[in-house]
Structure formats: C-alpha cells, structure tokens
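Reviewing the structure listed below.
The values are calculated or read from the model by the stated rules, or taken from the named source; none is laboratory data. The shown structure was predicted, so the numbers you read here are calculated from the model rather than taken from an experiment. Neighbour counts are summed over all protein chains in view; Cβ atoms, including those assigned to glycine, are modelled from backbone coordinates with ideal geometry.
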Amino acid sequence: MRQVGLIAGAAAVALVAAGAITYAVAEDGGKSTNSPTPTADSADAGFARDMAVHHQQAVEMSYIVRDRTKNVEVRRLAYDIAQTQANQRGMLLGWLDLWNLPKVSADPPMTWMGMGDMASGKDGALMPGMATNTELKKLNSLSGKPAEVFFLQLMTDHHKGGIHMAEGCVEKCTVGVEKRLAQGMVDAQQSEIQLMADMLKERGAKARS
C-alpha cells in the first residue's frame, strides 16, 4: 500500500526531527527563551509524564500485533508507530531528567489539563484512548485478520486520546520545543487515523467510535 510507505517516510523524518528537538532542549537546559525551567505541577511536566505512559502502551500494542499477523502493511504500520513513539517517549522522560523533575506524580493523570477525573483508570485504562487490560489480553488472543482489525480499532482510539492530550500541550505548555513536538504528534497521528480508517475499510470494518 502506497500510503503505508508514505507514513513510513514521515516516521523517519519525525525521528530525525525528534533528535533535533532533544538537542535543542539539552542546549538550553529545557528552557524556552522567555520561560523558566518547568515545575513539577506544570503542563510541560504533566504532559511529559502522561504522554510517556500513553506512548508506552502504543508501543506494547504494536509489538503484540506484529507477532499476531503476517500482513506486511499492518506489520509495517505497527513498526513505524512503535519506533516513533518509543523515541518520543525517551525524549519526554529525558526532558524530565533535564528539568530535575520526577517521572511520576501523586496527582491523577490529566490533572495538568484540568481533567484529572476524566479517566477512571478502570481495568488499566489510565487516560482517554488507552486500551484496557482486558482488551490487551483479547488482542493477544487473536491472530490474522481479526487481530489486524482489533489492533487498528484500538490504535485509532489510542491516537484520538493522544491527539487530545497533545493539543492540550500545544495550548498550555510553555517550552517551545515541547509545544512543537506536541503539534507534530497531532499532525502525524491524524494522518495515521486516516490511514487506519482506510485499512479497516479494506477489511470490511470501521473504527469503534
């Protein structure tokens, strides 16, 4: 599928850009020109902590489906998602280190967005869009086309939740490079949602919501 190839190319560009962003943060100690180093309760720190957790599940789901199907297009998409989000997760955690801030918080996820009560955390779904433990177990039990469809549905939901969080950072974060990374997440994941909609249609299915 040509679109998957385009996504793969975009992912490669994103990884190069990610390295440049990490370098930029290291150069200025994690500060933008007009703002101090973020505090533990800032949107910058909250987004970094929460998105690192959110990304980790996307990586996990991608590796699960890679082993549950032989379809080249789905495996390629899963690989691109896993590589991109693992790289971004490392950046987010690295920034917390640069800022000398903890990687965990006693506050509920999404508190930095004023939405600490948005996700119940029931069955492991700590934030909007995240799959439950039951859904991950189900994905692990499927193979072939059913695994592909369920993965695409879960990842579509996951991306929608991730976009909501990234848009929150674009609005509320103060560190320029972090805001740019968040906007890049929005753009890339919106493209992948469209790609996954097409892939679901090819399989006689559609997104869950």
Output the helices (runs of 4 or more DSSP H) that fall wholly within the range 1-110 and possess 3 or more residues being modelled with pLDDT of 95 or more and crowded, with 22+ Cβ neighbours inside 10 Å, or say none. 43-66, 72-98
Positions within the range 70-111 being farther than 14 Å from A48 by Cα, in contact with a Lys or Arg (Cβ under 6 Å, 6 or more places away or on another chain) and without any contact (Cβ under 8 Å) to a residue 60 or more places away in the chain, in sequence order: R75
Filter the range 129-174 for residues that are of a type in the set (G, A, S) and under 13 Å from the mean Cα position of the chain (by Cα); the one that is nearest to T69 (Cα to Cα) is A131
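Conditions tested, residue by residue: (1) of a type in the set (D, E); (2) out of contact with any Ser or Thr (no Cβ under 6 Å at 6 or more places or on another chain); (3) part of a helix (DSSP H, G or I); (4) free of Cβ contacts under 8 Å to residues at least 40 places away in the same chain.
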position: E135; (1), (2), (3), (4): yes, yes, yes, yes
position: E148; (1), (2), (3), (4): yes, no, yes, no
position: T156; (1), (2), (3), (4): no, yes, yes, no
position: G161; (1), (2), (3), (4): no, yes, yes, no
position: V170; (1), (2), (3), (4): no, yes, yes, yes
position: Q190; (1), (2), (3), (4): no, yes, yes, yes
position: A197; (1), (2), (3), (4): no, yes, yes, no
position: K201; (1), (2), (3), (4): no, yes, yes, yes
position: A205; (1), (2), (3), (4): no, yes, no, no
Filter the range 111-161 down to residues that are buried (at least 17 other Cβ atoms within 10 Å of the Cβ) and in contact with a Phe, Trp or Tyr (Cβ under 9 Å, 6 or more places away or on another chain) and give me whichever is farthest from F47 (Cα to Cα). L142
